[in-house]
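Notes follow the structure.
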Amino acid sequence: MIVHALTGCMLTGRGCGPVAWFALLLVAVFVIVGVGLAAWRTARSERGAVTRSLLDAALVMWIVFLLVGTMSPAAPTSTDILNLVPFNYFVRSLELGGIDLRNALFDIVANVAVFVPLGLLVGWRFERPALLEWTVEIACLMIAIEVAQAYVLRRSGDVTDVITNTVGAVVGLVVGRAIARWRGRDHDPQSDTLSVPRIG
């Protein structure tokens, strides 16, 4: 599974072959979508065609990355695992120390960092959704994913991942909006809105 391969590659430097192939796939998605949209928008004489197309391509690429990372199946477990105690693994690792603590810290940092680009791209590219709306929608989406991981994909679901992924997406949105204000939007913000489908 690509998630295990990515984790093993980052922590040990081994088993990086699947990661390299997956990276090539993401690059291909970015190039195809970016070039295609840029050509189409340029032909239509749209303002900021290249910048908007590159942001859209990066957003599509990152969504593909997140879908593969969060929704790929794992080896079946004997029971469905859904942890509802936030940061319990990290708290236990404080007592154990060593590699357990390192893995717990890596897991928290990685789960925050992996959703920062999603929020950044959305915040830079789109005027909407508002921060509170984005927070609620991402949290609902992550709850659905964690439940699916535990009861459909036979992976472990964890409320800690809901918290850290949501924090990453929110931080990214704030940074993206700051970049958009600094650079100035090169299109009519009223024509570009984005909202994650509501769940529940």
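So if R0 is 45 Å, what FRET efficiency would residue 32 and residue 133 give, r being the distance between their Cβ atoms, rounded to the nearest 0.05?
Once rounded, the FRET efficiency stands at 0.90.
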Compute the length gained on full extension between residue 110 and residue 23: take 0.36 nm times their separation in residues and subtract their Cα-Cα distance, giving the result in nm to one decimal. 29.6 nm
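Suppose R0 equals 35 Å; then what is the FRET efficiency for residue 174 and residue 151 from their Cβ-Cβ distance, rounded to the nearest 0.05? Could you put the intermediate results ahead of the total?
Working: r = 33 Å, r/R0 = 0.94.
Computed FRET efficiency for residue 174 and residue 151: 0.60.
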Compute the accessible area per residue over segment 87-182, keeping the other protein chains in place, probe 1.4 Å, unit Å². 47
Could you run the Karplus curve 6.51 cos²θ - 1.76 cosθ + 1.60 with θ = phi - 60° over segment 47-57 and give me ³J(HN,Hα) per residue in whole Hz, x for Gly and Pro? 6, x, 4, 5, 4, 4, 5, 5, 5, 5, 5
Over segment 104-187, with every protein chain in place, what whole percent of the accessible area is carbon and sulfur at 1.4 Å, could you tell me? 72
For segment 95-122 and segment 30-57, what is the separation of their C-alpha centers, rounded to whole Å? 33
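The values are calculated or read from the model by the stated rules, or taken from the named source; none is laboratory data. Just so we're clear, the structure is a prediction, and the values are computed from it rather than from any experiment. Note that each Cβ is placed from the backbone with ideal geometry, even for glycine, and that neighbours are counted across all protein chains shown. Heavy atoms of the whole protein, side chains included, go into the accessibility calculation; ligands, DNA and RNA do not. Shrake-Rupley method; radii C 1.70, N 1.55, O 1.52, S 1.80 Å.
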